[in-house]
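The values are calculated or read from the model by the stated rules, or taken from the named source; none is laboratory data. Predicted, not measured: the structure shown is a model, and the values here were computed from it. Note that each Cβ is placed from the backbone with ideal geometry, even for glycine, and that neighbours are counted across all protein chains shown. What goes into the accessible areas is simple: the full protein's heavy atoms, side chains included, and nothing from ligands, DNA or RNA. Shrake-Rupley method; radii C 1.70, N 1.55, O 1.52, S 1.80 Å.
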Amino acid sequence: GPRRQAQTARAHRGHRRTEGDAWGAAPMAGGAMDVRTFRNGRIQAQAAAVRKVGPRGGEADKENQSVNVPAAPSLEALTSSQPFVVVSLDGCGQCEELKALLTARGVPAAAFVKWNKGGAEYPALKKQLAAHAGEVFTFPQVFADSKYQGGFKEVAGKVEQGAYDELFEREFGAEPSTLKRWIDRRPMVVFSLPSCPNCDVLRADLVRRGVPADDVFIKLDKAKPEYPSMKAQLQKLIGRDAFAFPQTFVRTAYQGNFDEVIAKADAGDYADFFAEQFGVKPPAPAPPDVGAAFALDEDF
């Protein structure tokens, strides 16, 4: 009757909806979506999982099929994928030493890429690296903002000079600390600039007192790209936005401008410090003016 026919129609619509849902979940004909990932110097194209559907809406035996299609290994792709890249090998002592140095400066683990000398892609990657480092080179090798920086010795020197302070702060949120490290390591530090008359005045005064000026003066350079970061660090250390060079620290304590330092030295504030650190004998007390005393008696 009519009731039986309605039930049959509903069942038929339900079967069509179930079948349509199954086919709708599968990718469109023509292939899977191209998904690219980057893994240790290699670009890999991974086909998205294709859901096989049987003739009655059921899944085939192989539900998820994926295939890795490795592209040619590319050093350029690696160095352009992140702002700072350190390429290293297993069992490389200098690699571990540089990693410890950079980690202490706030460089994250993602920046360190370890190549496998036994891997199939290693010869091609090494050849690409030789175009930057030369035919004969050692690991680690470093790139910053896609530009070649050198090996262990060159990069460690640049780190020490604060060449990457701005980059590490910008990309990794690491607080620049180059100037503070210099101050912590030395008993006395005078930051100066080239062609700075006041710097020359203070230098001459300290030399006159027996202080080894070459050991305490650090000359910054406005022409270098790291200078803005250095200036900002110095402003924070002295607590002043506006200042003039030179700026002096003694036993990590800020001492002031050149005229303040000379005044403190004249007052004998640094006598014990100069004697302990530099072997400078404190000045002997001035002898009494005997002639003036006799003259006073004669006048009296």
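The residues of the range 167-206 that are touching an Asp or Glu at 6+ places or on another chain (Cβ under 9 Å) and of a type in the set (S, T, N, Q), listed by number, are Ser177, Thr178, Ser192, Asn198.
Just to be sure before I move on: is Pro228 open to solvent by 60 Å² or more (accessible area, probe 1.4 Å) and at pLDDT below 95 in the structure I sent? No; evaluated as a whole, the condition is false for this residue.
Yes/no matrix, rows are residues, columns are (1) in contact (Cβ under 8 Å) with a residue 40 or more places away in the chain; (2) in contact with a Ser or Thr (Cβ under 7 Å, 6 or more places away or on another chain); (3) among the β-branched types (Val, Ile, Thr); (4) within 30 Å of Asp272 (Cα to Cα):
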| residue | (1), (2), (3), (4) |
| --- | --- |
| Glu121 | yes, no, no, no |
| Gly134 | no, no, no, no |
| Pro140 | yes, yes, no, no |
| Gln149 | no, no, no, no |
| Met188 | yes, no, no, yes |
| Cys199 | yes, yes, no, yes |
| Ala204 | no, no, no, yes |
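Here Val190 fulfils each of the conditions (1) open to solvent by 20 Å² or more (accessible area, probe 1.4 Å); (2) under 17 Å from Asp214 (Cα atoms); (3) not charged (D, E, K, R) apart from (1). Taking every residue in the range 156-175 that is basic (Lys, Arg) and pairing it with any residue that is surrounded by 18 or more Cβ atoms within 10 Å (Cβ to Cβ), at least 6 positions away or on another chain, yields no pair with a Cβ-Cβ distance below 6 Å. The residue pairs whose first member lies in the range 103-115 and is under 16 Å from Arg170 (Cα atoms) and touching a residue at least 40 places away in the same chain (Cβ under 8 Å), whose second member is open to solvent by 40 Å² or more (accessible area, probe 1.4 Å) and basic (Lys, Arg), and whose beta carbons are closer than 9 Å, counting only pairs six or more residues apart or on different chains, are Val107/Lys99.
Filtered by the rule that a residue be of a type in the set (Gly, Ala, Ser) and either more than 23 Å from Asp145 (Cβ to Cβ) or in contact with a Cys (Cβ under 7 Å, 6 or more places away or on another chain) (or both), the range 80-95 gives Ser88, Gly91, Gly93. Listed by position, the strands (runs of 3 or more DSSP E) contained in the range 74-164 that have at least 2 residues being open to solvent by 60 Å² or more (accessible area, probe 1.4 Å) are 147-150. Does Leu206 fit the bill of being over 30 Å from Leu129 (Cβ atoms), modelled with pLDDT of 95 or more and surrounded by 14 or more Cβ atoms within 10 Å (Cβ to Cβ)? Yes. Can you name every residue in the range 238-264 that is crowded, with 17+ Cβ neighbours inside 10 Å, touching a helix residue (DSSP H, G or I) at 6+ places or on another chain (Cβ under 6 Å) and assigned to a loop (DSSP other than H, G, I, E, B)? Phe245, Pro246 - these are the residues of the range 238-264 that are crowded, with 17+ Cβ neighbours inside 10 Å, touching a helix residue (DSSP H, G or I) at 6+ places or on another chain (Cβ under 6 Å) and assigned to a loop (DSSP other than H, G, I, E, B). Summed over the range 265-282, residues that are part of a loop (DSSP other than H, G, I, E, B) and either β-branched (Val, Ile, Thr) or open to solvent by less than 50 Å² (accessible area, probe 1.4 Å) (or both) total 3. Listed by first and then second residue, the pairs with beta-carbon distance under 6 Å, at least 6 apart or on different chains, first residue in the range 255-275 and free of Cβ contacts under 8 Å to residues at least 12 places away in the same chain, second crowded, with 18+ Cβ neighbours inside 10 Å, are Gln255/Thr248; Gln255/Val261.
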